[in-house]
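The structure appears right after this line, and notes come after that.
The values are calculated or read from the model by the stated rules, or taken from the named source; none is laboratory data. From a predicted model like this one, the values you see are computed outputs, not experimental measurements. Positions of Cβ are backbone-derived with ideal geometry, glycine not excepted, and every protein chain shown enters the neighbour counts.
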């Protein structure tokens, strides 16, 4: 996946699609479920890494999965903030404006001799709707503030996890090179020079 290869993480397209495809939908609950799944995998890999004594293969997988986890968390938090700003709050504002228009229309009808009892009940219901819109909008802004603070931490964790992964991967690469060089040197040391027969030729 290009986004991860820039960080030196080798994630296949199939794996990335399986983990992150729900983040292209509108269902944040599904996104949270995906993150829970990735976290469970990361915890399993952490245990395997501990049990294996940090074998290179297990260690690389663990830190790579942790980077993927933090990336997914950042995506879902960012999506939630964007939904509040661009979908939910504008929609609530539209609902509140529609309620205000209904109130104005009801008052005009009352002034014109319309059924006062019914129209006053409509005005009261529309007022409640306005209050509900304002209350929910305030709650959403508070939630956005909380998630924005958590997202700052998540992004810091993502950068730290990315750095850790690259550090571990580099260490493992050096260890592999050292092992290969040692094996090559040992193989060369086992080579025995053949005996050179002295010449018996006479002139």
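List, please: which pairs have Cβ atoms under 7 Å, are six or more places apart or on different chains, and start with a residue in the stretch 30-44 that is under 14 Å from residue 67 (Cα atoms) and end with one that is modelled with pLDDT under 70 and assigned to a helix (DSSP H, G or I)?
38/19
So if I check each of 160, 106, 137, which one is modelled with pLDDT of 95 or more, farther than 23 Å from residue 33 by Cβ, out of contact with any strand residue (DSSP E or B) (no Cβ under 6 Å at 6 or more places or on another chain) and part of a helix (DSSP H, G or I)?
Testing whether each residue is modelled with pLDDT of 95 or more, farther than 23 Å from residue 33 by Cβ, out of contact with any strand residue (DSSP E or B) (no Cβ under 6 Å at 6 or more places or on another chain) and part of a helix (DSSP H, G or I) leaves just 106.
Can you tell me which of (1) in a helix (DSSP H, G or I); (2) over 30 Å from residue 66 (Cα atoms) is the one residue 147 doesn't meet?
(2)
Yes/no per residue for (1) within 29 Å of residue 62 (Cβ to Cβ); (2) in contact (Cβ under 8 Å) with a residue 12 or more places away in the chain; (3) touching a helix residue (DSSP H, G or I) at 6+ places or on another chain (Cβ under 7 Å):
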| site | (1), (2), (3) |
| --- | --- |
| 111 | no, no, no |
| 116 | no, no, yes |
| 135 | no, no, no |
| 138 | no, no, no |
| 142 | no, no, no |
| 155 | yes, yes, yes |
